[in-house]
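Participant: Here it is: the structure, laid out below.
The values are calculated or read from the model by the stated rules, or taken from the named source; none is laboratory data. If you're wondering where the values come from, they're calculated on a predicted model, not measured in any experiment. Cβ placement follows ideal geometry from the backbone for every residue including glycine, while neighbour counts extend to all protein chains displayed.
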Amino acid sequence: MSTAALITLARHGRHQVRRRVLLSSRLLQEDRRAAPARHGSTSERRWSRFDPDGSGRPATWDSFGIWDNRIDEPILLPPSIKYGKPIPKISLGKVGCASQIGKRRENEDRFDMAQLTEEVLYFAVFDGHGGPGAADFCHTHMEKCIMDRLSKEKNLETVLTMAFLEIDKAFSRHAHLSADATILNSGTTATVALLRDGIELVVASVGDSRAILCRKGKPMKLTIDHTPERKDEKERIKKCGGFVSWNSLGQPHVNGRLAMTRSIGDLDLKNNGVIAEPETKRMKLHHADDSFLVLTTDGINFMVNSQEICDFISQCHDPSEAAHVVIEQAMQYGTEDNSTAVIVPFGAWGKYKNSETNFSFSRSFASSGRWA
């Protein structure tokens, strides 16, 4: 798409562009019918940005690369020019978030969001265990740690990997200097997403908090739980002198204590293979198809599967309502853990809905869980 076309789109809105697209498509079809007479050949196909496959079919918003805008966000003009397609501005005010203590004594979950630079947005959830110390530390310092790295490094996967490792080292120093000895046993999951230019999405995670992208109404898991059930994780634990044991419910734990193999904190298990290095995933958003990104902690993940999360959110009017609905459903299904959800709407918000979705007050536990 040319710069002039994008500027026209930004100034005059989608309805005028629709008329111009359809008019241009009709004109191109007329030109195509007249082409054989002018050129004396029917084998040559004419191409244009309004009819890229030469089929003669009128351009639609999806084929033209426009999102089905239900959230009324303006266009990010510089990124749109850079990537050659209109990109909506994702504002923090439209992001939905909610956190519930469940039946625990305190809420050890934390979440955060921020505009780090003009181009980069930050979203995160932290699920603490052994006390809120590690989750609080990440909530306070992760943003700055990433900011410092962004000024030196362009690759967002590298930025997040280095930030996770640095925050783990910083927490270790903090814990050993703290007057509160209990903080030494504290740890936390961390699932962090960076969105650059409204189109480049990078997610990093340790532990069992999750990130899910809803594309065309279906969930795309962007994270994989770090549990002792994973063969690669289990082998690392054993190589480092640790062991895996199962409790009375059949759940595996590192050294009989920790249900995950990667975390920030858990300092007593660092020499037994519990690491803070995250697994990362990078992808490009398609705003015509992508409805939202959702970050969740295990209070939700162990009771509501990925498709159910997408279905519940898709039925809601806005992300704020959706975050509360997801947590309420997890509670209705029987979760007792802290539950947190952060929902970031994208271009296809409200476009894909499952008419068969039912909100329930009970469920079969076998249909959910960490493996969903």
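Participant: Hey, ILE237 hits all of (1) part of a strand (DSSP E or B); (2) of a type in the set (Val, Ile, Thr); (3) free of Cβ contacts under 8 Å to residues at least 40 places away in the same chain but one; which does it fall short on?
Facilitator: Of (1) part of a strand (DSSP E or B); (2) of a type in the set (Val, Ile, Thr); (3) free of Cβ contacts under 8 Å to residues at least 40 places away in the same chain, only one is false for ILE237: (1).
Participant: Still on this structure, please answer the following. Just wondering, is there one or more residues in segment 169-191 that are closer than 30 Å to PRO74 by Cβ and not in a helix (DSSP H, G or I)?
Facilitator: Yes, the conditions are met somewhere in segment 169-191.
Participant: OK, next. For residues that are more than 16 Å from ARG110 (Cβ to Cβ) and of a type in the set (A, V, I, L, M, F, W, C), scanning just segment 182-203, find the one that is surrounded by the fewest Cβ atoms within 10 Å (Cβ to Cβ).
Facilitator: LEU184
Participant: Is it true that some residue in segment 240-247 is more than 27 Å from PRO88 (Cβ to Cβ) and within 15 Å of the chain's Cα centre (by Cα)?
Facilitator: Among the residues of segment 240-247, not one is more than 27 Å from PRO88 (Cβ to Cβ) and within 15 Å of the chain's Cα centre (by Cα), which makes the answer no.
Participant: Output yes when any residue across segment 278-285 is under 24 Å from ASP337 (Cα atoms), at pLDDT below 95 and surrounded by 15 or more Cβ atoms within 10 Å (Cβ to Cβ), and no when none is.
Facilitator: The answer is no; no qualifying residue exists.
Participant: So in segment 132-184, with the set limited to residues that are of a type in the set (Gly, Ala, Ser) and closer than 24 Å to GLU200 by Cα, which one is farthest from the chain's Cα centre (by Cα)?
Facilitator: Restricting to residues being of a type in the set (Gly, Ala, Ser) and closer than 24 Å to GLU200 by Cα, the top hit is SER151.
Participant: Which pairs do you get when a residue that is on the phi > 0 side of the Ramachandran plot, found in segment 328-339, comes within reach of a residue that is outside any loop (DSSP other than H, G, I, E, B) and surrounded by fewer than 23 Cβ atoms within 10 Å (Cβ to Cβ), reach meaning Cβ atoms under 9 angstrom, with the pair 6+ apart or on two chains?
Facilitator: Taking only residues 6 or more apart or on different chains, the pairs are GLY334/PHE365.
Participant: Closer than 23 Å to VAL254 by Cβ and either among the β-branched types (Val, Ile, Thr) or surrounded by 18 or more Cβ atoms within 10 Å (Cβ to Cβ) (or both): is that true of ALA170 in this structure?
Facilitator: No, not satisfied.
Participant: Which strands (runs of 3 or more DSSP E) sit wholly inside segment 91-158 and have at least 2 residues that are surrounded by fewer than 17 Cβ atoms within 10 Å (Cβ to Cβ)?
Facilitator: 109-115
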